[in-house]
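Down below is the structure, laid out as structure tokens.
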Amino acid sequence: MVILKKAIKFSVLIMMVVTFIISGLTGIASADDQKGKTDQASTELYNKIKKRGYLVVGLSANYAPMEFHATVKGEDTIVGADVSVAKKVAHDMGVKLQVKEMDFDALIGAMKTGKIDMIISGMTNTPERAKEVLFSKPYMFEKQAMVIRKSDQDKYKGILDFKGAKVGAQTQSVQAQIAKQQLPNAKIMPVAKSNYIAAEIVNHKLDAGVLASEVAGSYVYQNKSLKVIYPKFVTPTAPTAIAMPLHATALKAQVDKSVDQIQSQKLFPKYLKDAYQVQKVNQSFFAKYNKFFIDGTIWTLAFAAISVVFGSIIGTLLAIMKIGTSFILKAIANVYIEFIRGTPLMVQAFMVFFGTQIIGFNLSPFVAGAIAMAINSGAYVAEIIRSGINSVSDGQSEAAASLGLNRSKALRYVILPQALKNIWPALGNEFVTVIKESSVLSVIGATELMFQASNVQGASFKPFLPIFIVAMIYFVLTFGISRILNIIEKRFV
Ligand code: ARG
């Protein structure tokens, strides 16, 4: 009965705290929405950018020849015709260019929350989007095509031939719409990155893909087992333009000037040619991509180190709160630990990434990822430490008390040193876990091993090799680190 009462009391408390947090957050969110709207109308984004000295352009770099990753002078670089457009726009405004990469379907949201100033990502000006964003004049026209395996060229000729076929299209793209409406008998598969479509056709995961003709041409150029076909879609060509926030009229006027020049000086065909030039460079897989894996490894280790250090600090504090005598501190620690352990790290990463944006902090994916990891790891470390402390027998604290040590001194000099011995292996495990867990941070665009693997998958059309390499790297890291921790345990603890 007593336990039941306690449990009810406790869950009511948790619910109250959670409701409090949520209502606080939504309050902030709506206040911020209001503020955002008036801000946008009064202080023009254009002035802000000029004052800041750099323009933040968002794009989804998986759309060769418009935007894609390439190794230029040994460095992983985002290049392509859209990047040239972005450079021109920034140059004409007299500011520097900063490119932010994310999935195509995240771009408009990112612009609305102020993470990027504009989108230059092969984006089609459609009536639905024009309600959400302000488009520049078009700088290109996109024609729709399909990519199939060359060996299937007799099978797929017209729209009706795709009955039952698996057809890929990029999530939330115009091509996805066309596929859904005009290939009614096909199984349409949304794919986050458009270069995966080509890779999956090569690997028989898909039979075909709907892609803009330039992009389709570029994939076929890189992989000779593919073929571009032009089924008769009823949407023949569509204008590609730069997207800006709805109220940014002065910015649009300036951007349109650059677009006019791109048109009148016939710059775009030149930009495309430069992009093809980069794709042409023939190198071996490892020469092309080793930098991706090395960078990924360094970032993954950085994430793990940061989260273990800060996770241990947070965890120790929480454990002390939990075994202490204050009911409030105990409750806070309990709610924290239960909430964090009861929700996926991926969700927490999104909450930190977008939540901080709402309250006015513009964190990079790295910082947001590191915070999410530290918060997450803290909850687990807290439990490890608490159980370590509990594992020290009661006799020890009684002995400490009889020596005249107070509670905190007893904890510090008697209990914790002994607990550490029991905690160490579990803490080492946590470090190893954190290395593996950091792989989910690729969802917020943080560069780490998994993120790099998917970049290489898309760029190389090889679905397995990059993942295999990354698996080996993870294994070497985790195995190596647990060996090292074992040695330390034997020697020192
Ligand atoms: N033009 C198409 C659209 O606006 C696809 C653009 C995809 N762009 C990209 N960078 N992946 O829907």
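Please count, across region 194-296, the pairs of lysine residues with Cα atoms under 22 Å apart that sit 8 or more places apart or on different chains. Lysine pairs meeting both conditions in region 194-296 amount to 14. Rounded to the nearest 5, what % of the DSSP beta bridges within the chain are antiparallel ones? Of the beta bridges lying entirely in the chain, close to 60 percent run antiparallel.
Membrane-span-like helices of the chain, defined as complete DSSP H segments with a Cα extent of 30 Å or more along the helix axis and a mean Kyte hydropathy of at least 0.5, are identified as 2-42, 285-323, 365-391, 465-492. A cut-off under 10 angstrom between Cβ atoms defines the neighbours of Pro239, and their net charge, with Lys, Arg +1 and Asp, Glu -1, is 0.
Rolling a 1.4 angstrom probe over the protein heavy atoms with all chains in place gives the chain an accessible area of 50 Å² per residue. Both radii are taken from the alpha-carbon atoms of region 140-240; with Rh as the Kirkwood radius, Rg/Rh is 0.91.
Along each principal axis, taking the top coordinate minus the bottom one, the Cα set of region 50-116 gives 33, 27, 18 Å in descending order. With a simple spin-label model that places each label point 7 Å from the Cα along the Cα-to-Cβ direction, the separation between Thr77 and Glu398 comes to 7.3 nm. Net length available on complete extension from Ile328 to Lys150 is 57.3 nm, with 0.36 nm assigned per residue and the Cα-Cα distance removed. Direction-averaged projected area, Cα convex hull, region 345-493: 11.8 nm², rounded to one decimal. The apolar share of the surface of the chain, taken as the fraction of accessible area on carbon and sulfur atoms (1.4 Å probe, ligands and nucleic acids excluded), comes to 64 percent. Run the quick spin-label model on Gln261 and Thr433: label points 7 Å from Cα toward the beta carbon, then report their separation in nm to one decimal. Distance between the two pseudo-spin positions: 5.6 nm. When the alpha carbon gyration tensor of the chain is reduced to an equivalent ellipsoid, the three semi-axes, largest first, read 50, 28, 22 Å. Residues Trp299, Trp424 ordered from highest to lowest accessible area at a 1.4 Å probe: Trp299, Trp424. Length gained on full extension, Thr249 to Glu132, computed as 0.36 nm times the residue gap minus the Cα-Cα distance: 40.7 nm. Estimated at 0.36 nm per residue, the fully extended path between Phe354 and Lys157 surpasses their Cα-Cα distance by 66.5 nm.
The values are calculated or read from the model by the stated rules, or taken from the named source; none is laboratory data. In this text the structure is predicted, and so the values were computed from the model without any measurement. Note: ideal-geometry Cβ built from the backbone for every residue, glycine included; neighbour counts use all protein chains shown. For the accessible areas, the whole protein counts, side chains as well, though only heavy atoms, and no ligand, DNA or RNA atoms are used. Shrake-Rupley method; radii C 1.70, N 1.55, O 1.52, S 1.80 Å.
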